[in-house]
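Here's the structure we're looking at; comments come further down.
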Amino acid sequence: MKTLHQRLKHNTLVVALVLTISGLLMPAASTAAAQSTPIPALDFHNAMRKLWEDHISWTRLYIVSALADLPDKGPVAERLLSNQDDIGNAIKPFYGDAAGARLTELLREHILGAVELLTAARAGDSAKIEAGKARWYGNADDIAAFLSAANPAAWSGEQIASTMKMHLDLTLEEALARLNGDWAADVAAYDKIHEHILAMADLLSAGIITQFPDRFSALPSAREMSLRDAMRKGWEDHIVWTRLFIVSAVSDLPDKGATLTRLPRRRSRAWRGCRCLPGYAGGGSG
């Protein structure tokens with residue numbers, strides 16, 4: 001039979017192993033290696049894009065579910081809120097845990113404000129709509145001020161405030177088009193949102209890379225970056241519009257025709273990004 005000391009020692013080793021595997025505890029040698037090994041700038045660029053693409057895609061899925069009162073709106077809202085945790089965690093290695101937690105808090109307020117606004121719009125409550133809009137845009141100003149204070153050289157107050165306002169304007173355009181049953185405008189609004197959020201993600205990742213140059217490796221050439229970005233966006237569109245069509249078709253929503261029409265058009269654009277590759281002679285909708 002193990003002594004109390006042996007059991008405690010065994011339990012301590014098990015806990016240490018679990019923490020190490022989960023990334024909560026890193027051995028000293030690994031920590032030193034992580035600090036001396038540059039972060040691949042391309043990976044960071046792509047990760048920032050993915051975080052913000054998740055932000056807009058889960059926002060759209062919530063808009064669809066909330067306005068149609070679908071039974072998945074609760075889980076979709078939870079997934080959307082968890083994305084704000086992911087974005088906050090992404091800045092912690094550079095600005096600290098408190099800053100990451102504060103960004104998550106602000107972004108969660110941003111999402112909850114959107115939920116409040118959608119609820120009021122669906123109910124046709126004009127007073128709550130106006131009050132909700134004021135709070136929502138005020139929160140966007142708070143996010144802009146927070147980011148500008150963290151990196152004023154890369155993210156001026158005016159620039160980031162304008163960027164955040166555009167994000168809200170386009171999201172509101174999307175929600176109103178859907179509320180009014182204008183499916184063509186609804187689809188077009190999301191396309192504009194996607195283009196804009198990628199520019200915003202690039203602004204954020206480039207700002208961090210510029211602010212902490214010793215932490216990153218060099219980015220690939222502009223030509224390679226352009227190809228990679230186009231291919232990633234094409235396939236991101238493919239899976240998002242596929243999921244949106246599944247939701248619309250299964251729930252028999254009136255936008256399923258517009259969603260299906262939108263899906264193959266972006267697939268062909270993804271393949272057209274390959275045309276600059278040596279020896280590529282393909283194309284089409286693949």
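Summary of computed values
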read-out: Spatially proximal aspartates and glutamates relative to Lys73 (Cα-Cα < 17 Å; intrachain offsets below 8 disregarded); value: Asp54, Glu116, Asp252
read-out: Using θ = phi - 60° and Karplus 6.51 cos²θ - 1.76 cosθ + 1.60, couplings along region 198-211 (whole Hz; Gly, Pro as x); value: 5, 5, 5, 4, 5, 4, 5, 5, 5, x, 5, 4, 5, 6
read-out: All-pairs alpha carbon distance profile, region 40-274, 10 Å steps from 0, percent; value: 7, 31, 35, 21, 5, 0
read-out: Karplus (6.51, -1.76, 1.60) ³J(HN,Hα), θ = phi - 60°, over region 143-158, in Hz, Gly and Pro reported as x; value: 5, 4, 5, 4, 5, 4, 5, 6, 8, x, 5, 9, 10, 5, x, 5
read-out: Local electrostatic count, Ile39, Cβ distance below 13 Å [Lys/Arg +1, Asp/Glu -1]; value: -1
read-out: Where labels lie 7 Å past Cα in the beta-carbon direction, separation of Arg79 and Ala222 in nm; value: 3.8 nm
read-out: Within region 40-274: Cβ-based charge dipole about Cα centre, in debye rounded to nearest 20 (Lys, Arg +1; Asp, Glu -1); value: 720 debye
read-out: Formal net charge of residues neighbouring Ala101 (Cβ-Cβ distance under 12 Å; K, R +1; D, E -1); value: 0
read-out: ³J(HN,Hα), Karplus 6.51/-1.76/1.60, whole Hz, each residue of region 58-68, x for Gly, Pro; value: 6, 5, 4, 4, 5, 4, 4, 5, 5, 5, 8
read-out: Formal net charge of residues neighbouring Gly138 (Cβ-Cβ distance under 14 Å; K, R +1; D, E -1); value: -2
read-out: Relative packing of peptides 71-81, 165-175 - highest average C-beta neighbours within 10 Å first; value: 165-175, 71-81
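Every read-out reported here was derived from the displayed coordinates using simple, explicitly stated rules and does not represent laboratory data. Computed from a predicted model, the values in this text were never measured in an experiment. Reconstructed Cβ throughout: ideal geometry from the backbone, glycine too, with neighbour counts over all protein chains shown.
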